[in-house]
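Report on one structure; see the data block that follows.
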Amino acid sequence: MALALVGPGLVWSAEYIGNGEVILATRTGAILGYMVLWAPIIGIILKACIGVAGARYAVCTGEGMIDMFSRMPGKGNWAVWIVLVSMFLAGSMAVGSAVSVASIFAHSLIPLSPFLWGWIISLFGVAVVWSGTFDIIKYIMSVFIFIIVFGVMYITIRAFPGFAEVGKGIFGFSVPVIPQWAMGLEGVSSYPWREVIPLVGWAAGGFASQVWYTYWIIGAGYGMTHGRGYGKACDGDTLKSMTPETAERVKGWCRIVYLDASIAMIIGLVVTSCFLIAGAVVLQPEHIAPDGTALAFELSHIFGKTWGKTGAVLFIIAGWASLTSTAICHFAGWPRLVADGLRICIPAFNKKFQWSTQFRIILTIFFFTNIIVVFTLGVNPVFLVKLSAVLEGLLFTPLQALFLLIGLLWVLPKLLSREAWKVLKPHWFLIIGLVTAAIVFSIFSWFQLAS
């Protein structure tokens, strides 16, 4: 029964398996090898704690993470304003980087120009999400997840280096020096942490990915989100009068969230590790660290030499599916996030337009900013991914973990009845996960800024 209700996690994993996995994991594996497997694994597990905490709050209250930010101590919706301004800027780069690299991978499969592929992928993404309904996204993302997992599992079975080597990479916690052959290559730093930290930052997506998971929970109607739809704060009177019996039913939905998020986390761990291993096995011996617009061509050429046409095609298809699914979810997620921010910070915007109209206005804006960033400016996709990873994946993640701690331990007990809070108070393990995430990502952010 529980497995039949799983769905938001598939959309979540299909969204966050993208730039960081296909580009950064493969590239970092090529430069530093298996010994940095621990880095994306730590990033994914800690961000899963953040995603679960946000989803749990949504299930218990019926509102998304942005509304929770509006309840932070202080006046003037300061937390929402920070998120609104920064995420609008980050969104243009993130959508642009996903579409840019997806178009390059598609070009290597069917030789239309990357420019044309970029338009096709962008228009397809907008068409999928235009209605604003969750079920369409869920079904399409389920197909993409199957393609991704099938492709990377084929690669890993062919390239698996052995459990001893993988174990060293997971539990060794070492950062190898940049090899001599990689010194001087375009985009490769002589400082190894500059290669590792963006991978941690973009593993399991960035700040926005965890916000969007609450939207997929709302779309699926888990717990108190049932029948409410998007663009609404919680019903305070209903929460204050919640009975212990209702709270127990909501707690059952929290267990579904744990299962749903665990499946998403496992998919992310497997796929990311597979891409990194593929880079270490295939690209490192060839002394290639893919960068720029030749990324997909270089990957398909080298993988073809190693595993023949089947291996090369499956790798490129898996990469294309990962990046295209990410682009689609970006088109679905960013407009929701920005619409929520505008609704809270500029109430007149919410009064003038219905939620569906708000969503489509902002979706159209992001479509055109994506076209400008990628196809007019022609920015290097690897540069875009690294920049987005640092800005959205690292710098704002510790702040998000801190906000969620306040949300679960200070906001939630004020919203719920005393009896319901006794039933729905978060488990100590989740609190420890959020504290650890805040500390770890703060340290990585400091290292990145210092370097």
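The values are calculated or read from the model by the stated rules, or taken from the named source; none is laboratory data. The structure presented is a predicted model; accordingly, all values stated were derived computationally and were not measured. No Cβ is skipped: glycine too gets one built from the backbone with ideal geometry, and neighbour counts run over all protein chains shown.
The set of residues in the stretch 357-379 that are more than 16 Å from Trp334 (Cβ to Cβ) and either at pLDDT 70 or above or crowded, with 17+ Cβ neighbours inside 10 Å (or both) comprises Thr357, Phe375. The residue list Ala106, Ala98 contains one member that is crowded, with 24+ Cβ neighbours inside 10 Å, aliphatic (A, V, I, L, M), touching a residue at least 12 places away in the same chain (Cβ under 8 Å) and closer than 21 Å to Val211 by Cβ, which is Ala98. For the stretch 183-220, taking the residues that are outside any helix (DSSP H, G or I) and closer than 17 Å to Met141 by Cβ, the one that is farthest from the chain's Cα centre (by Cα) is identified as Ala204.
Would you please name the residue that is surrounded by the fewest Cβ atoms within 10 Å (Cβ to Cβ), looking only at residues in the stretch 171-182 that are of a type in the set (Gly, Ala, Ser) and not in a helix (DSSP H, G or I)? Of everything passing the filter in the stretch 171-182, Ser174 is surrounded by the fewest Cβ atoms within 10 Å (Cβ to Cβ). Only a single criterion out of (1) within 21 Å of the chain's Cα centre (by Cα); (2) surrounded by fewer than 17 Cβ atoms within 10 Å (Cβ to Cβ) is not satisfied by Ser122, namely (2). Scanning the stretch 405-436 for residues that are of a type in the set (Val, Ile, Thr) and more than 25 Å from the chain's Cα centre (by Cα) turns up Val411, Val423.
The rows are residues; the columns are (1) modelled with pLDDT under 80; (2) surrounded by 15 or more Cβ atoms within 10 Å (Cβ to Cβ); (3) closer than 15 Å to Ile267 by Cβ; (4) in contact with a helix residue (DSSP H, G or I) (Cβ under 9 Å, 6 or more places away or on another chain).
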{"site": "Phe134", "(1), (2), (3), (4)": "yes, yes, no, yes"}
{"site": "Ile145", "(1), (2), (3), (4)": "yes, yes, yes, yes"}
{"site": "Ile148", "(1), (2), (3), (4)": "yes, yes, yes, yes"}
{"site": "Gly151", "(1), (2), (3), (4)": "yes, yes, yes, yes"}
{"site": "Ala164", "(1), (2), (3), (4)": "no, no, no, no"}
{"site": "Gly169", "(1), (2), (3), (4)": "no, yes, no, yes"}
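Here Phe383 clears all of (1) under 21 Å from the mean Cα position of the chain (by Cα); (2) at pLDDT below 85; (3) surrounded by 17 or more Cβ atoms within 10 Å (Cβ to Cβ) except the condition numbered (3). Of the residues making up the stretch 254-276, one or more are out of contact with any His (no Cβ under 9 Å at 6 or more places or on another chain), part of a helix (DSSP H, G or I), within 26 Å of Pro335 (Cα to Cα) and among the acidic types (Asp, Glu). Cβ separations smaller than 7 Å between residues 6+ apart or across chains give the following pairs from the stretch 357-370 residues that are without any contact (Cβ under 8 Å) to a residue 60 or more places away in the chain and on the phi < 0 side of the Ramachandran plot to residues that are part of a helix (DSSP H, G or I) and not aliphatic (A, V, I, L, M): Ile362/Pro335. A count restricted to the stretch 77-134 and to residues that are farther than 22 Å from Leu10 by Cβ, part of a helix (DSSP H, G or I) and not β-branched (Val, Ile, Thr) stands at 28. Residues in the stretch 156-173 that are touching a residue at least 40 places away in the same chain (Cβ under 8 Å) and more than 20 Å from Ala39 (Cβ to Cβ): Arg158 alone. Taken together, the residues in the stretch 77-110 that are on the phi > 0 side of the Ramachandran plot and at pLDDT below 80 amount to 0.
Every residue, every condition in (1) assigned to a loop (DSSP other than H, G, I, E, B); (2) of a type outside the set (A, V, I, L, M); (3) at pLDDT 80 or above, yes or no:
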{"position": "Pro290", "(1), (2), (3)": "yes, yes, no"}
{"position": "Phe297", "(1), (2), (3)": "no, yes, no"}
{"position": "Phe303", "(1), (2), (3)": "no, yes, no"}
{"position": "Thr306", "(1), (2), (3)": "no, yes, no"}
{"position": "Ala312", "(1), (2), (3)": "no, no, no"}
{"position": "Phe315", "(1), (2), (3)": "no, yes, no"}
{"position": "Thr326", "(1), (2), (3)": "no, yes, yes"}
{"position": "Phe331", "(1), (2), (3)": "no, yes, yes"}
{"position": "Arg336", "(1), (2), (3)": "no, yes, yes"}
